[in-house]
Each structure stands twice: as structure tokens, then as C-alpha cells.
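Chemist: My questions all concern the structure below.
The values are calculated or read from the model by the stated rules, or taken from the named source; none is laboratory data. These numbers were taken from a predicted model, which means no experiment stands behind them. Cβ sites come from the backbone with ideal geometry, for glycine too, and all protein chains shown count toward neighbours. SASA here: full protein model, heavy atoms, side chains in, ligands and nucleic acids out. Shrake-Rupley method; radii C 1.70, N 1.55, O 1.52, S 1.80 Å.
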Amino acid sequence: MTTTRGKHFIQSLKDGRSVWLNGEKIEDITTHPAFTGTLRTLEKLFNMLDEPGMREKIGFRSPKTGEYVHNAFLIPTAPEHLKQRKEAFKIWADATFGVMSRLSEFGRTLITSWHATSEMFRQYDERYPEKIRRFYEIARDEDRFVIQAFGNPQIDRSKDAAGASDPDAHLRIVRETSEGIYIKGAKTVATGAPYAHDLIIAPNYRVKDTHPEYAHALIVPLNAQGIHIICRESYASTDIDEHPLSAQFDEMDAVIVFDNVFIPWDRVLLHGNPEAVWKFYNTLKSNALTFHQTVVRLVSKLEFITGLGIALAESIGVDSFLNVQEKLGELIVQVESIKGLLHASEIVTQKDQFGMLTPSPIPLQTARNLGMRYYPRAIEILQQIGAGGYTQTPSTTVENSGEIRAYLETYYRGAAVSASQKIKLFKVAWDIVGSPLGSRHELYERLYAGEASRMYALQYLASDKTALEKRLERFWTITEERRNEP
């Protein structure tokens with residue numbers, strides 16, 4: 001069997017994009033050690049669409065080309081479609097142990113949902129349905145890797161775009177022509193940008209009517225002239241023995257600078273209309289299809305952490321201690337709670353006026369909010385179980401230890417595992433609890449959906465509290481009736 005999909009994806013990144021790392025422009029990211037580990041992982045994922053038996057699980061045949069395309073592009077109109085989408089998400093998430101959170105399924109799902117509901121925005125742009133349909137088909141049939149970035153540079157967060165002393169602090173339209181628009185500014189945090197093809201951007205705040213230049217919804221090719229992808233420090237490792245997660249799954253984050261970048265009208269979904277763009281962004285935020293993908297990925301990640309915690313405890317013989325059993329039980333409760341909410345969302349489905357079926361957003365939003373606090377707690381539990389064992393892990397594996405191998409085999413063995421197994425286990429655990437990659441993931445899970453207190457407050461504000469309030473009213477009624485009994 002020949003698998004070419006992954007190789008084609010890698011080659012497609014040699015497109016003249018401007019990627020910056022450590023103050024230097026990377027001429028070819030496909031050969032740079034900061035990216036090659038992650039790209040090998042992505043290559044394997046893309047190859048799944050070439051593999052008989054696997055491609056049927058994660059994809060469907062494009063009605064246009066007949067080739068298999070990812071189920072993130074499947075428009076759900078029946079419950080079995082949601083199951084197909086979930087299976088595809090879970091296979092990719094399990095293949096990366098939930099550690100890669102932006103594998104394009106999120107961005108692809110946005111494009112799919114916007115295409116399915118395109119008539120909603122025809123009133124703002126007559127060509128909107130055709131624009132989104134054309135890009136949906138291009139992204140679907142050309143395996144486009146699509147991501148999103150809605151944040152703004154942290155220059156002065158006390159000011160909105162209109163009040164900022166520097167107009168470049170927020171992305172804006174600087175010129176319009178018959179062929180398209182020119183934009184200037186920056187967007188953050190673009191996870192996966194160095195190896196993505198297209199970037200979805202829109203303001204994540206309500207633009208004032210007096211400043212329509214800040215109102216836009218765009219799909220931008222990341223190799224466009226004037227775009228600069230400025231990466232954070234790389235957390236990638238070239239030593240898979242010492243850093244098994246960092247060597248394979250460093251999901252690079254970047255700030256995208258737009259220096260008078262031209263965007264053709266076909267990729268300008270909306271512009272110059274603050275009301276339309278705000279409606280667009282809020283529809284995006286409440287899109288249950290994207291929440292569905294993020295919760296599937298969260299389940300995979302928590303399952304990985306839980307399995308790791310159990311293996312750690314067993315390796316050093318503390319799994320019989322009550323306090324450790326309590327912690328391991330807590331990890332299992334986390335997993336089962338998120339899985340239950342995911343299942344509940346798929347039972348109570350909703351079909352919109354366009355025929356698209358979506359899972360219930362309330363259980364999914366609840367799961368996302370819980371995940372913001374579950375994951376940091378899960379990492380804390382791993383720290384407590386491994387304890388001082390992390391600082392005792394040698395800077396080598398048993399197999400590479402040379403003359404001191406006998407010492408390692410004697411003094412680094414576990415209660416029921418060899419020294420080789422125990423050392424490898426602790427290196428994986430340290431990579432997720434103490435390495436730069438691990439710290440980035442804790443930060444990500446805490447904040448990727450928004451600040452926790454704000455997201456919990458939003459769930460309170462958006463919830464239908466009538467039934468809960470009626471319970472209290474019923475209590476007062478019963479109490480009054482009891483008071484008046486003879």
C-alpha cells in the first residue's frame with residue numbers, strides 16, 4: 001500500500017511562507033528540527049486517509065472527487081453522522097494522546113458549519129453563501145489544514161480597538177480595491193500556524209459602528225505576501241528517549257503579523273458591518289459542532305493522564321495506599337464525568353432551520369468548563385504520585401547507560417517493573433508535568449476557552465434558570481400549605 005497523502009501535505013508547506021523562530025527566518029520548516037517531529041506525526045495522521053479499513057473510519061468519499069476526505073467536513077443531518085464525526089476525532093486524538101489540541105478538525109468544523117448555515121448571512125453579503133461553499137469544497141478536497149486566531153496582541157488590554165493609542169494594536173482594513181482588501185495588524189494565538197494552510201480571523205469583541213475598519217471575517221492563506229508567522233520558543237526535542245512527548249507533539253503557537261496583506265474578495269466573508277461580524281463571531285462561539293470536537297479531544301487527554309497516573313502508582317507500589325487510591329479514583333471520576341457529558345450531548349440533539357444536526361451545547365459547554373479545572377488538578381495528582389521520583393530519574397535510559405547499567409538496573413527498578421520500564425514511565429510523566437511542553441499544556445487547558453471565572457459566569461448568564469427557580473417556589477408553596485394545615 002502506498003500512502004502519499006502525508007508526503008503531499010509536507011511538500012505543500014514549501015510555499016514561500018514567512019516563519020520566524022529565534023529571530024531568524026526559517027527557509028524550510030519541513031527540515032528544521034523545531035518542526036520535523038510534529039510534522040512526522042501529522043504525516044502519519046494524513047496517511048490514515050489512504051489506509052483501507054482506517055480511511056472508512058475517519059473519512060467519507062467526496063461527492064466531487066470520489067477520494068476520501070476527513071469527517072470534519074461531514075455535514076451532520078442524522079445521529080449516525082455525529083457518531084462518524086466523533087469516531088474520526090477520537091482516532092486522531094488517541095493517536096496524539098490528546099496532546100495536540102488543534103489538528104485542524106476545529107477549523108475545518110467551523111468551515112463546515114458555516115457552509116451548512118450559509119443562508120444566515122446572505123442578508124449581509126449576497127455572495128457569502130457562494131464564497132463559503134467554494135472554500136469548503138477547496139478545503140475538503142485539497143486537505144487544507146485550517147486554523148483560527150481571534151485574539152489581539154497584549155499591548156494595553158484596558159483599551160478596545162477604538163481607544164488604543166496605536167491603531168496597529170488591532171487588525172484593521174486599511175484599503176479596499178475592486179479586487180479585494182488590504183489588512184494591517186496582528187492576531188494571536190495561532191496554534192499550528194507554521195504548518196497550516198489557511199487562517200480564519202475575526203475580531204473577538206464588538207466593534208463600534210464608528211470604526212467599521214475593524215469589522216471583518218476573513219480566511220487568509222498563510223503564505224500570502226506580507227504575512228509573518230512569529231513563533232514562540234520551541235519546546236520540541238530531538239531526543240525521543242528523554243522527551244517522548246516533546247519530540248512528537250510540540251504544537252507550535254505563533255503571533256501572525258499582517259503587513260499590508262492583500263485578501264481577495266472570495267476570502268472576505270464579511271467586512272465593514274460591525275453588527276454582522278459580531279453576530280458571526282457569537283454564532284461561532286456557540287457552535288456545538290466545534291465544542292463536540294474539543295470535548296472528544298479532552299476525553300482522550302484525560303484518559304492518557306489517568307492511565308499514566310495508574311501506571312506510576314503501580315510502578316512504585318503505592319497503588320495500595322488509600323490516599324493514592326483516592327487520587328486515582330478522582331482521575332477516573334474526571335474521565336467518566338466528561339464522557340457522560342459528551343454522551344448526553346449526543347442524545348439530546350438539535351436540528352436547525354438549515355437541516356444541520358448538532359449535539360446539545362449545554363453538556364458540551366459544561367464539559368469544557370470542567371476541563372479548565374480538571375486538567376490542572378490531574379497534573380497536580382501526577383506530581384503528588386510521582387513526588388520525588390521525578391528528581392531521581394537519570395539523564396539516560398537503561399539501554400544507553402553504558403558502564404553504570406548494573407547500578408540503574410539495581411537501584412532504579414520498581415515494585416513490579418524493571419528499571420527500564422520505570423525510567424521510561426517517569427520520563428513520559430515528567431514531560432507532561434514538568435517540561436516546557438507540559439507547562440504550556442497546563443496553561444492551554446486553563447485558558448484556551450477563556451478565563452475560567454468568566455466562562456463559568458457566562459454559563460450562568462446563558463442558562464435557563466426558570467425550572468430551578470420554580471423548585472424554590474414550590475418549596476415555599478408546600479411550606480405555606482403545611483403551616484396552614486389544621
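Chemist: Going toward the positive end of the dipole of the chain, with +1 on Lys and Arg Cβ and -1 on Asp and Glu Cβ, which of 452, 254, 425 do you reach last?
Modeler: 452
Chemist: Quick check: pseudo-label points 7 Å beyond the Cα along Cα→Cβ at residue 475 and residue 62, how many nm apart are they?
Modeler: 5.8 nm
Chemist: Over region 337-486, calculate the relative contact order: mean separation of alpha carbon pairs under 8 Å at least 6 apart, over the residue count, as a percent.
Modeler: Values: 105 pairs, mean separation 29.7, N = 150.
The value is 20 percent.
Chemist: Got the relative contact order for the chain handy, in percent, Cα pairs under 8 Å and 6 or more residues apart?
Modeler: Details: 809 pairs, mean separation 71.0, N = 486.
Normalised by residue count, the contact order of the chain is 15 percent.
Chemist: Using just the C-alpha positions of region 395-439 as equal point scatterers, what log10 of I(q)/I(0) does the Debye formula give at each q in 0.14 1/Å?
Modeler: Per q value, in the given order, log10 I(q)/I(0) is -0.36.
Chemist: Would you calculate a helix-derived [θ] at 222 nm for the chain, using -39,500 (n - 2.57) for each DSSP H run of n ≥ 4 and dividing by the full residue count, to the nearest 500?
Modeler: Details: 16 runs with 229 residues, N = 486.
Only helices count here, giving -15500 deg cm²/dmol.
Chemist: Which option, [x] -0.24, -0.60; [y] -0.22, -0.55; [z] -0.18, -0.48, is the value of log10 I(q)/I(0) by the Debye sum over Cα atoms at q = 0.05, 0.08 Å⁻¹ that was calculated from these coordinates?
Modeler: Among [x] -0.24, -0.60; [y] -0.22, -0.55; [z] -0.18, -0.48, the one calculated here is [y].
Chemist: According to the square roots a ≥ b ≥ c of the eigenvalues of the Cα gyration tensor, what is the shape class of region 285-391, taking rounded for a/c under 1.5, prolate for a/b larger than b/c otherwise, and oblate for the remainder? The partial results should precede the final answer.
Modeler: Details: a/c = 3.66, a/b = 2.98, b/c = 1.23.
Prolate, because a/c is 1.5 or more and a/b exceeds b/c.
Chemist: Using a ≥ b ≥ c from the Cα gyration tensor of region 64-192 (square roots of the eigenvalues), is it rounded, prolate or oblate, where a/c under 1.5 gives rounded and otherwise the larger of a/b and b/c decides, a/b for prolate?
Modeler: Working: a/c = 2.42, a/b = 1.46, b/c = 1.65.
Here region 64-192 falls in the oblate category.
Chemist: A further question follows. Need one number: % antiparallel among DSSP beta bridges in the chain, to the nearest 5.
Modeler: Details: 32 of 38 bridges.
Of all bridge pairs located within the chain, approximately 85 percent are antiparallel.
Chemist: Just need the relative contact order of region 1-113 here, percent rounded to a whole number, with Cα pairs under 8 Å and 6+ apart.
Modeler: Working: 113 pairs, mean separation 22.4, N = 113.
Reported relative contact order: 20 percent.
Chemist: Out of the total accessible area of region 122-205 (probe 1.4 Å, heavy atoms of protein only), what percent is carbon and sulfur? Don't skip to the end; give the middle numbers.
Modeler: On the way: 1470 of 3510 Å².
Taking all protein chains in place, region 122-205 shows 42 percent carbon and sulfur surface.
Chemist: Here's a follow-up. Once you place label points 7 Å from the Cα toward the Cβ at residue 95 and residue 141, how far apart are they in nm?
Modeler: So the label points at residue 95 and residue 141 sit 2.4 nm apart.
Chemist: Then there's this: Return the percentage of antiparallel bridges among DSSP beta bridges fully within region 101-248, rounded to the nearest 5 %. Present the calculation step by step, with values, prior to reporting the outcome.
Modeler: Numbers: 9 of 13 bridges.
Antiparallel: roughly 70 percent of the beta bridges in region 101-248.
Chemist: How much area per residue is accessible in the chain when the probe is 1.4 Å and only protein heavy atoms are counted (Å²)? Intermediate values should be presented prior to the final figure.
Modeler: Values: 22380 Å² over 486 residues.
I get 46 Å² per residue for this part.
Chemist: Could you please state how large a percent of the accessible area of region 365-422 is carbon and sulfur, counting protein chains only and using a 1.4 Å probe?
Modeler: 48 percent
Chemist: Now for a separate question. Could you please state, rounded to a whole Å, how far the C-alpha centre of region 83-118 is from the C-alpha centre of region 276-309?
Modeler: If we compute the Cα centre of each part, the gap is 9 Å.
Chemist: Over what distance in Å are the Cα centres of region 131-154 and region 421-486 separated?
Modeler: 31 Å
Chemist: Ok, one more. Taking 0.36 nm per intervening residue step and subtracting the Cα-Cα distance, what contour gain separates residue 14 from residue 157 on full extension?
Modeler: Details: separation 143, 0.36 × 143 = 51.48 nm, distance 3.62 nm.
Answer, rounded to one decimal: 47.9 nm.
Chemist: Continuing with this model, one more query. Take the Cα of residue 453, step 7 Å along the line toward its Cβ, and report every residue of region 371-389 whose backbone nitrogen sits under 18 Å from that point.
Modeler: Only 372-374 fall inside the zone, counting backbone N under 18 Å.
Chemist: Which pairs in the list 64/131; 159/187; 7/131; 86/351 are over 23 Å apart, alpha-carbon to alpha-carbon?
Modeler: Values: 64/131 17 Å; 159/187 16 Å; 7/131 29 Å; 86/351 17 Å.
Pairs exceeding the cut-off: 7/131.
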